[in-house]
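Peer 1: A single structure is presented below for examination.
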Amino acid sequence: MTANESLVLDQLCSALCTSFIEAIPVSGAALSAFSGSARETMLGASDELAARLDELQFDLGEGPRWEAARSRTPVVLPYVRSMTHEKWPVFGKALTDTEVQALFVFPLVIGALDVGVVELYRTTPGELSHSELVEAGVLADGAAWSLLRRILVPDDEDDPEAGLTPSRREIHQATGMVLAQTGGTAADALLLLRGHAFANGQTVRETSGAVLDRRLDFSPPFESMK
């Protein structure tokens, strides 16, 4: 990644973190992305505490962000300091040395592709309203697409005609199926195929074959929250 690309990514992540803080009542946010070569990389945080929460969970290998990634569903902890922490005891103890009172972690998921997680915290306890949870889910969907385009797949691969060589027919067929599943555009559908292939160490043809065999489905996962 060039210095200019790194700057653009930093600006994107800063804008995404700010969008969560401005839209819903949270104190800070951190974004992490998954890739094919490294299981996870923190991309940006709104403040030192948000970055510290992300770093703690990564170092300890436990915490709500891992549950959100495994379950592919949001983890909502409005009273995190007063709850028991059987699932992540060491991280729970570490929280007592911070000002965090509530945690809300949303997986960044597009169909079958795990893009990353966004971790939100606030320094006062309490639940988010249904509308606030819905808004956070919408923002998470948008962040997933933004990060997918910027990180997992180079800009020139937004071109649906780029790189379709020997398996062009299979890839076009799979692109059509993904398009029907997601309701997006052909370019977005191909982007998903390439992103999934990259994240799983596959060729686009292998990923397309899984779609055609109905072993892989990119239908939206969070419809019940909307």
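Peer 1: For the chain, what does the relative contact order come out to in percent, with C-alpha contacts under 8 Å and a separation of six or more? Present the calculation step by step, with values, prior to reporting the outcome.
Peer 2: On the way: 362 pairs, mean separation 42.6, N = 226.
Relative contact order for the chain comes out at 19 percent.
Peer 1: Rule-of-thumb check for region 7-132: C-alpha Rg over 2.2 N^0.38 Å? If you can, show how the numbers build up before the last one.
Peer 2: Working: Rg = 13.7 Å, N = 126, 2.2 N^0.38 = 13.8 Å.
Relative to the 2.2 N^0.38 Å estimate, region 7-132 comes out at 0.99.
Peer 1: Using the alpha-carbon atoms, what tilt in degrees (0 to 90, nearest 10) does helix 168-182 show relative to the longest principal axis of the chain?
Peer 2: 40 degrees
Peer 1: Rg/Rh for region 77-158: what does it come to with C-alpha atoms and Rh from Kirkwood?
Peer 2: Result for region 77-158 is an Rg/Rh of 1.08.
Peer 1: When only Cα pairs under 8 Å and 6 or more residues apart are kept, what is the percent relative contact order across region 172-226?
Peer 2: Numbers: 44 pairs, mean separation 21.6, N = 55.
Over region 172-226, the number comes to 39 percent.
Peer 1: Kindly provide the helix-only [θ] at 222 nm of the chain, computed as the sum of -39,500 (n - 2.57) over DSSP H runs of four or more divided by all residues, to the nearest 500 deg cm²/dmol? Working shown, then result.
Peer 2: Details: 8 runs with 105 residues, N = 226.
It lands at -15000 deg cm²/dmol.
Peer 1: With a sphere of radius 10 Å drawn around the Cβ of L31, what net charge do the other residues whose Cβ falls strictly inside it have (Lys, Arg +1; Asp, Glu -1)? Write down the numbers at each step before the final one.
Peer 2: Values: positive: none; negative: D54, E119.
With Lys, Arg at +1 and Asp, Glu at -1, the net is -2.
Peer 1: Listed highest first by mean packing, meaning other Cβ atoms within 10 Å per residue, what order do 214-220, 183-189 come in?
Peer 2: 183-189, 214-220
Peer 1: Remind me, what semi-axes does the chain give for its equivalent ellipsoid, largest first in whole Å, using sqrt of 5 times each Cα gyration tensor eigenvalue?
Peer 2: Each semi-axis is √(5λ); the values are 33, 18, 16 Å.
A short reminder: the numbers here are calculations on the coordinates, not readings from a lab. Everything numeric here is computed off the predicted structure, so don't read it as measured data. Here Cβ is always computed from backbone atoms with ideal geometry, including for glycine, and neighbour counts include all displayed protein chains.
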